[in-house]
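Below is one structure, written out as structure tokens, with a few remarks after it.
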Amino acid sequence: MRRFKLFIGTIALLAIVFGCTACGKNENELVMVTEAGFAPYEYYKDGEIVGVDIDIAKEIAKRLDKKLVVKDVAFDFLINEVKSGKADFAAAGMSITEERKEEVDFSIEYTTSNQVVVVRKDSPLTSFDEIQNKKIAVQLGTVADMYVTDNYPYATLMTHKKYLTAVEDVKSNKADCLIMDQLPAEEIVAENPELKIMDGILFQDKYGMIVKKGNTELKQEIDKVLKELQEDGTIDQLILKHSK
């Protein structure tokens, strides 16, 4: 009987420990994960993560009467952070794709992204057809990564955790070009005069925020906020504000 009681006590203790671990997330906080190297949507300023997505997330947290907590992780970890419950949602210029829809639920689309090609100013490349067999830099896990894989089978794909390292590869001639979103590309070119954006739009995609599959309540609240901010022009204003 003593051993049985001891066994029951051990089970109870383990239940408490693992129960606390599972519910360790503060219910008064709304945890957002992002990859803070994607201006104007998320970037560092004076040591703080700011940007279009951050301002939208603050409004979502305000409506839910929760404190917003923003965590900076690698882009290709974002979905797993949400799926595992470590984060409530993610926003990081996240392109809406069928593959991602199988793993997480997307909000409504809230902005359209133009994907462009960044090259050195002295580059001989003048058209998108000419990059088919070149060294193309992209950020790992982005829609550009998928696009190059699907559309440029003869290119050498160079994936990077951060855009900044991809930019350095182009500047140092390790890569012939970089495919990325137009707005952050314009920020990068403004800071690196040896680079330019090729004429034209390579392709377009649409951004959404992601939540864990089945988290209907949070998705509905995010959708509501995004729709209101779209309709009153706030999102357009935020893009202009953070693009300066």
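The values are calculated or read from the model by the stated rules, or taken from the named source; none is laboratory data. In this text, all values refer to a predicted model and were calculated from it rather than measured experimentally. Using ideal geometry, Cβ is built from the backbone for each residue, glycine included, and neighbour counts are taken over all protein chains shown.
Taking the listed residues Ala175, Ala155, the one that is free of Cβ contacts under 8 Å to residues at least 40 places away in the same chain, in contact with a helix residue (DSSP H, G or I) (Cβ under 7 Å, 6 or more places away or on another chain) and either over 14 Å from Ile197 (Cα atoms) or of a type outside the set (Lys, Arg) (or both) is Ala155, with no other qualifying. Applying a threshold of 8 Å to beta carbon distances and a minimum spacing of six or more residues, or different chains, the list of pairs starting in the range 99-118 at a residue that is touching a residue at least 40 places away in the same chain (Cβ under 8 Å) and more than 17 Å from Leu226 (Cβ to Cβ) and ending at one that is of a type in the set (Gly, Ala, Ser) and part of a loop (DSSP other than H, G, I, E, B) reads Val116/Gly200. Only a single item in (1) surrounded by fewer than 16 Cβ atoms within 10 Å (Cβ to Cβ); (2) in contact with a helix residue (DSSP H, G or I) (Cβ under 8 Å, 6 or more places away or on another chain) is not met by Glu187, and it is number (1). Somewhere in the range 55-62, is a residue buried (at least 17 other Cβ atoms within 10 Å of the Cβ) and closer than 27 Å to Ala175 by Cβ? No, the range 55-62 has no match at all.
Using the structure shown, decide if Glu103 is at pLDDT 95 or above, closer than 19 Å to Asp76 by Cβ and either touching an Asp or Glu at 6+ places or on another chain (Cβ under 9 Å) or assigned by TED's automatic domain parsing to the domain that holds Val73 (or both). Answer is yes for this residue.
If you go through the range 197-217 and pick out every residue that is closer than 19 Å to Phe128 by Cα, crowded, with 16+ Cβ neighbours inside 10 Å and not hydrophobic (A, V, I, L, M, F, W, C), you end up with 1. I want to confirm something. Restricting to the range 95-154 and keeping residues that are of a type in the set (D, E, K, R) and assigned to a loop (DSSP other than H, G, I, E, B), which single residue is farthest from Ala57 (Cα to Cα)? If we take residues in the range 95-154 being of a type in the set (D, E, K, R) and assigned to a loop (DSSP other than H, G, I, E, B), then Asp122 is farthest from Ala57 (Cα to Cα).
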